[in-house]
Amino acid sequence: MNSGSAIGLLLGGVLGLGLVFLFVGSIVWAFQDAEARGKSGCLVAILVALLSWPLGLVAWLIFRPDGPKKRENVRIALIPCQCGKRIPVEERMAGTRVTCPSCGTEVVVPELSRLRLILAEEGRLGHMA
């Protein structure tokens with residue numbers, strides 16, 4: 001065996017192994033992507049694998065449904081209750097009433113400006129700890 005054919009064989013083996021990893025990786029990715037979008041991961045993985053492999057992957061990328069909406073960074077403030085517990089509330093709850101899970105007392109959530117002051121104070125305390 002000459003050195004040219006050995007290099008060709010080695011290069012072919014590396015290229016073939018790379019394609020196998022790409023094939024398996026795309027099937028695993030399609031499975032996980034489908035599951036995250038609330039679809040059958042097994043069905044999508046099978047379709048990606050059997051539908052002329054790269055075309056199946058492209059078809060999934062084109063026709064896959066929108067994923068679940070990602071929640072934006074929600075800031076949570078802890079407001080005090082008369083029982084001594086602190087109730088977690090989001091900014092969007094400003095000016096509403098919430099029920100304390102510990103004692104059942106109805107607590108008024110401060111208006112947005114006051115709630116943001118509470119969040120800012122908690123942020124400063126969190127950086128100091």
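The values are calculated or read from the model by the stated rules, or taken from the named source; none is laboratory data. All figures in this text were calculated on a predicted structure; none of them were measured in a lab. Ideal geometry is used to build each Cβ from the backbone, glycine not excepted, and the neighbour counts take in all protein chains shown.
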Does region 60-79 include one or more residues that are over 28 Å from the mean Cα position of the chain (by Cα) and surrounded by 11 or more Cβ atoms within 10 Å (Cβ to Cβ)?
yes
All but one of (1) surrounded by 13 or more Cβ atoms within 10 Å (Cβ to Cβ); (2) modelled with pLDDT of 80 or more; (3) farther than 30 Å from LEU19 by Cα hold for VAL108; state the number of the condition that does not hold.
(1)
Is it true that ALA45 is out of contact with any strand residue (DSSP E or B) (no Cβ under 8 Å at 6 or more places or on another chain), surrounded by fewer than 11 Cβ atoms within 10 Å (Cβ to Cβ) and farther than 30 Å from VAL108 by Cα?
no
Residue within region 66-83 that is small (Gly, Ala, Ser), part of a strand (DSSP E or B) and either more than 30 Å from PHE23 (Cα to Cα) or at pLDDT 90 or above (or both) present
yes
